[in-house]
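One structure below.
The values are calculated or read from the model by the stated rules, or taken from the named source; none is laboratory data. These numbers were taken from a predicted model, which means no experiment stands behind them. Glycine gets a Cβ as well: all are built from the backbone with ideal geometry, and neighbour counts include every protein chain shown. Surface accessibility is based on the protein's heavy atoms, side chains included, excluding ligands, DNA and RNA. Shrake-Rupley method; radii C 1.70, N 1.55, O 1.52, S 1.80 Å.
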Amino acid sequence: MTSTATTPAATALVPAARRGRTPLGSRLVSGLGGTLVRLFLVVVGLFWLMPTVGLLLSSLRSPRDMAESGWWTVLTEPSRLTFESYADLLGNGDITGSLVNTLLITVPATLLVVVIGALAGYAFAWMEFPGRDWWFLGVVGLIVVPVQVALLPIAELFGDLGLFGSIAGVVLFHTGFGLPFAVFLLRNFFAEIPRELLEAARLDGAGELRLFTRVVLPLGGPAVASLGIFQFLWVWNDMLVALVFADSGSQPITVALQTQVRQFGNNIDVLAPGAFLSMVIPLAVFFAFQRQFVSGVMAGAVK
């Protein structure tokens, strides 16, 4: 009786032989499928960016050209692009002042939410105090409260306190409504930090503040960056809260552009560059912190 032994070399050649016997049609379909998917994603991306590109080109055209033809005609006549609209924008005190007001509202509202949310998230995750779980449930319950429900009561409160119509009032409103989600997000992220790491830091003599700044914050950097991006975009693009709580001297860019449309419907030479600036700044912030944002999302997904 003769036995046939299979050598390792012969075993290694089996998958290669099988791959060689793969039908040519199947391989073509597989490669074509990947190409079609990439082509589809490119087309979707181009359609997604088309409004932004159209607004940019419109802001670089003269009012007469915009009245005579669409923005796509500039692709055949790029020499007609001009920065006159941006010069008019810089000469419009309402628009430039509203851009400054937007920064004065967005930056403090974002920093306050991130700092207070991080401190509260650490406290709910790793500090023991009476009623901790019940307090956290109360914070989570505040997430579902609609902004529209609190507009009138808080407007009356701010009127009594002298904050109505001021930048500080808008900042406080955004901070109050941004904190519940911030505390919920950061508490859940901080709670996933290994307990052994914190206990080792405590054995080395680290207090709560040092533990928070030297251990927890560096590990929770992606989550903090993600929260900061979300809060910045939400406050920058908000118009409802600003319409209620801001006056003509504290209105952000969203309200200023809406006012320009209502009063000067043909003032396109100011509206187009103003709208593009109001859109490109949050886009720049997002792309600047894109890596931290993706890291935070992926870390949350893995955990």
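A few remarks follow.
- Given charges at Cβ of Lys, Arg, Asp, Glu: the range 89-299 dipole, positive-most of L90, L186, A155: L186
- For F289, F83, F136, F177, the ranking by accessible surface with the largest value first comes to F83, F289, F177, F136, using a 1.4 Å probe.
- Dipole magnitude of the range 89-299, debye to nearest 20 (Cβ charges: Lys/Arg +1, Asp/Glu -1, about Cα centre): 320
- Per residue value of the accessible surface for the range 89-299 (all protein chains in place, 1.4 Å probe), Å²: 52
- Accessible surface ranking that places the most exposed of D204, D238 first, with a 1.4 angstrom probe: D204, D238
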